[in-house]
Amino acid sequence: MHDISQELDDLRLSAADEGDAARIGWLCVHAPLELIAAAGLRPVRIRPRSSDPRDATDFLSSKTCSYLRCSFEECLGGVANYDGILASSCCEGERRTFELLKKVVPLTFAELYDVPKVDTIGARHFMLQRLANTKHKLEKAFDVIITNKSLAEAVRGLNMLRSALKELDHLRSGRPGILANGDFHELVLLAMEAPLDVATKVVASLNRRLRKTAGQRDGVRMGVAGNVVNRRGLFDALEDRGIVVVGDDLCAGSRFYAENSAPSGDILEGLANRYFQAAPCPMRGLSRKRQSAFIQELGRRGATGVILVAQRFCDATSSEFAALKIEAAHHSLSAIRIDLDESSPDDVSAESIGRIVEMVA
Amino acid sequence: MSRWKRIMRRSLGPGLITVLAEAERVRGRLERPNSRASQILTDMTVEALKDAYSRRKPVVWISLLAPPEIVLAAGAVPFSPESVTATIAWMGLDDVCLLESERLGLSPAVCASHRTTVGAVSLELLPFPDALVCTTDQCSANLNAFVNAAERFNKPLFTLDIPAERDQSAKAYVAFQLGQMVQFMTETVKTNFGRDGLVSTIENSNRARESLVRLNELRKVVSLPKGEAIGLNSATPHFGRLELADFLDVLCHEAANSPKVAGSPRLLWLTTKPYASPLVIEKISRQGASIVFEEANQVYWPELDPGRPLSGLAEKTVSHYARASVEERVDSLLTLADEYQVDGVIASSYPGCRYGATAIPYILTRLSRSGIPALSVDEDDVPGARKEDASPLDEFLETLKGAA
């Protein structure tokens with residue numbers, strides 16, 4: 001297994017460095033990060049680090065998904081200093097969390113980016129209006145002008161990072177054991193937090209080194225889907241049981257880097273196209289297309305099963321398990337669903353890990 | 001094993017005959033209604049179920065916020081699985097549906113109502129649809145339940161996308177989609193979709209709206225019988241039916257002519273009531289308290305213009321009270337609390353309902369700080385999914401009584 005502790009440390013340091021650029025926290029991969037970068041600001045994924053969101057529960061019900069509760073706590077505590085928040089209307093929980101965050105955390109910029117959940121001419125038109133609206137609000141809040149040139153540069157910058165992460169994903173799946181499951185998960189998360197140029201440089205440099213390295217050990221190959229965000233412990237636990245993750249369909253994984261936007265032409269239209277061309281996430285309804293493509297890819301990567309990791313109280317993710325199980329069975333893959341809570345200690349998932357190991361056996 | 005489970009297992013074409021028989025039995029049981037309004041409501045509901053199960057007319061499944069006015073104008077029967085979940089639970093079939101949904105892999109953390117729907121679809125307890133219309137509103141379980149049903153029955157699904165924002169461009173976007181929904185209905189249901197039909201259902205909808213406005217005004221001084229108040233909440237899928245307007249007219253008349261004074265303390269109810277087995281409602285009633293108004297019964301939309309039906313329906317859809325921001329919701333609740341002179345607020349936070357539950361702690365704190373005591377009751381609409389008791393309710397009611 002390749003030791004990437006240096007890369008992780010570099011990214012951790014950069015992520016923690018607040019730097020000069022204003023930091024805009026984002027909650028969902030649908031947020032148009034290119035607009036933030038084009039305004040000279042730094043997009044930072046809000047990571048739910050808190051394991052005890054007790055202050056958040058004064059605002060949000062304990063039946064709200066733990067990603068949102070813990071993210072809320074993170075922002076409340078002022079640990080992560082954000083100048084702005086860009087949320088999306090992807091789910092009811094995110095919408096309400098955003099409204100309350102906007103109320104209690106002092107922010108220069110707060111925007112709920114309204115994402116259509118269907119793909120029609122009307123929806124594309126509506127999305128273009130919303131992109132223009134968000135762009136305008138960013139310009140106004142930070143007194144900047146987002147030019148076509150800066151937008152094109154931002155698109156190129158994010159495309160480079162996404163492409164680098166995509167290559168890393170292929171390297172880890174093509175050469176199982178080359179990276180620890182937990183290292184890959186952590187690295188993707190950090191790449192969403194560190195300044196764009198640093199993240200791209202670190203991942204690209206890692207790719208160059210890994211291209212020359214063979215896979216070092218194999219195990220039971222599995223895929224992971226769902227919306228787990230900050231749960232390195234889960235990936236480490238899988239590793240300990242000889243399970244090698246060879247692909248994912250995660251909000252904190254491939255859903256971030258699977259698609260690029262067109263760097264030329266009408267840039268806003270390119271951003272809208274990126275959203276519509278991506279396989280719809282569960283919040284846009286059960287997508288056979290996404291599930292089928294994911295399961296087939298897992299098949300090609302030699303996986304024997306898939307684990308759906310759902311945030312407890314995320315209806316959309318949980319609801320798609322029945323279809324995922326059927327799709328997996330068609331390709332002779334086993335499937336299991338585990339419900340996780342970002343706020344619960346890792347040892348709580350011991351039972352879930354036991355169930356996975358049982359399935360694998 | 002309950003009688004219904006045994007019957008269901010025996011019945012051919014599984015639940016359809018069973019459910020129809022039960023609907024008739026229910027009507028028989030309610031042949032001695034408290035009032036004419038109850039009779040109209042029961043007849044309307046049972047006839048709608050019969051239309052759906054007997055397939056006398058095309059059946060279109062609709063989710064919350066999908067406009068039944070368009071479905072009715074197409075000569076089809078709007079069928080709301082979310083509303084029927086309560087009926088299923090009332091028949092005692094909820095546990096078998098929940099078990100089936102669990103077998104299919106649904107997490108127990110998902111909304112019990114939609115788990116029941118998914119289970120009922122799998123057990124073929126619901127009327128087969130000719131088409132489905134779903135909305136992307138505050139409920140994410142809803143969309144997947146409809147996609148699942150559309151696939152299961154191999155029928156076309158129209159998804160009406162409702163944005164989070166409620167500005168002019170959001171209304172225009174929804175109005176544009178409603179035009180597409182009309183087209184969808186024409187193509188899938190294949191009935192004569194005359195403009196006159198839509199005008200007629202819009203007029204019926206307006207009549208019902210007008211009666212509801214009058215009824216809401218009356219409720220500031222008189223109390224509705226328990227049955228009618230519950231029935232009122234299940235009216236949403238019937239907007240556009242003449243019978244709904246009749247029901248509300250008669251209810252207004254009856255309430256005005258035999259006024260009942262509300263008990264004390266006076267309560268405002270947030271989100272929907274647990275229809276299926278209203279233990280909490282009964283407990284409130286036993287304690288002498290009254291639910292004088294429900295958030296869900298607000299008339300939040302303006303009168304619809306029959307000359308511009310789609311714009312009006314878009315306005316109605318986008319302005320739905322559940323789409324309001326947290327702050328708008330608090331403001332609206334404070335206004336209601338004042339208008340209805342309530343002593344306290346009870347929020348029914350179904351564990352699986354993100355709209356109902358997400359911001360409830362903040363909302364209740366805001367209400368309490370404004371001098372309105374408020375309590376969240378984790379009461380599930382589907383009895384089989386219930387885990388928590390309602391003991392804090394007793395304490396809350398006692399406190400309110402003490403303060404009165």
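The values are calculated or read from the model by the stated rules, or taken from the named source; none is laboratory data. Worth saying up front: this structure is predicted, and the values here are computed from it rather than measured. Neighbour counts run over all protein chains shown; Cβ positions are idealised from the backbone, glycine included.
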Selected residue (only one of B:371, B:402, B:344 is modelled with pLDDT of 75 or more and on the phi > 0 side of the Ramachandran plot): B:371
Any hit, the stretch A:99-115, residues being more than 20 Å from residue A:263 (Cβ to Cβ), more than 14 Å from chain B (Cβ to nearest Cβ), hydrophobic (A, V, I, L, M, F, W, C) and touching a residue at least 24 places away in the same chain (Cβ under 8 Å): yes
Candidate set from the stretch A:166-177 (those that are modelled with pLDDT under 95 and buried (at least 22 other Cβ atoms within 10 Å of the Cβ)); member that is farthest from residue A:212 (Cα to Cα): A:173
Residue ranges of helices (runs of 4 or more DSSP H) in the stretch A:285-348 with at least 2 members without any contact (Cβ under 8 Å) to a residue 12 or more places away in the chain and within 14 Å of chain B (Cβ to nearest Cβ): A:321-330
Residue check for residue A:84: of a type outside the set (A, V, I, L, M), in contact with a Phe, Trp or Tyr (Cβ under 9 Å, 6 or more places away or on another chain) and away from chain B (no Cβ under 11 Å): yes
Those residues of the stretch B:311-356 which are within 13 Å of chain A (Cβ to nearest Cβ), assigned to a helix (DSSP H, G or I) and touching a residue at least 12 places away in the same chain (Cβ under 8 Å), in sequence order: B:314, B:318, B:322, B:323, B:326, B:329, B:330, B:354, B:355, B:356
Sole exception among (1) β-branched (Val, Ile, Thr); (2) surrounded by fewer than 18 Cβ atoms within 10 Å (Cβ to Cβ); (3) more than 7 Å from chain B (Cβ to nearest Cβ) for residue A:57, by number: (3)
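Here is a yes/no grid of residues against (1) buried (at least 22 other Cβ atoms within 10 Å of the Cβ); (2) of a type outside the set (Val, Ile, Thr); (3) under 22 Å from the mean Cα position of the chain (by Cα):
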position: A:214; (1), (2), (3): no, yes, no
position: A:222; (1), (2), (3): yes, yes, yes
position: A:226; (1), (2), (3): yes, yes, yes
position: A:234; (1), (2), (3): yes, yes, yes
position: A:245; (1), (2), (3): yes, no, yes
position: A:251; (1), (2), (3): yes, yes, yes
position: A:254; (1), (2), (3): yes, yes, yes
position: A:258; (1), (2), (3): no, yes, yes
position: A:288; (1), (2), (3): no, yes, yes
Subset tally (residues that are among the aliphatic types (A, V, I, L, M), exposed (fewer than 15 other Cβ atoms within 10 Å of the Cβ) and in contact with a Gly (Cβ under 9 Å, 6 or more places away or on another chain)) for the stretch A:97-151: 0
Matching residues in the stretch A:152-177 - criterion: being hydrophobic (A, V, I, L, M, F, W, C) and more than 22 Å from the chain's Cα centre (by Cα): A:152
Helices (runs of 4 or more DSSP H) within the stretch B:58-132 that include 3 or more residues under 21 Å from the mean Cα position of the chain (by Cα), within 14 Å of chain A (Cβ to nearest Cβ) and not basic (Lys, Arg): B:112-122
Among (1) under 25 Å from residue B:322 (Cα atoms); (2) at pLDDT 85 or above - the single one residue B:48 does not satisfy: (1)
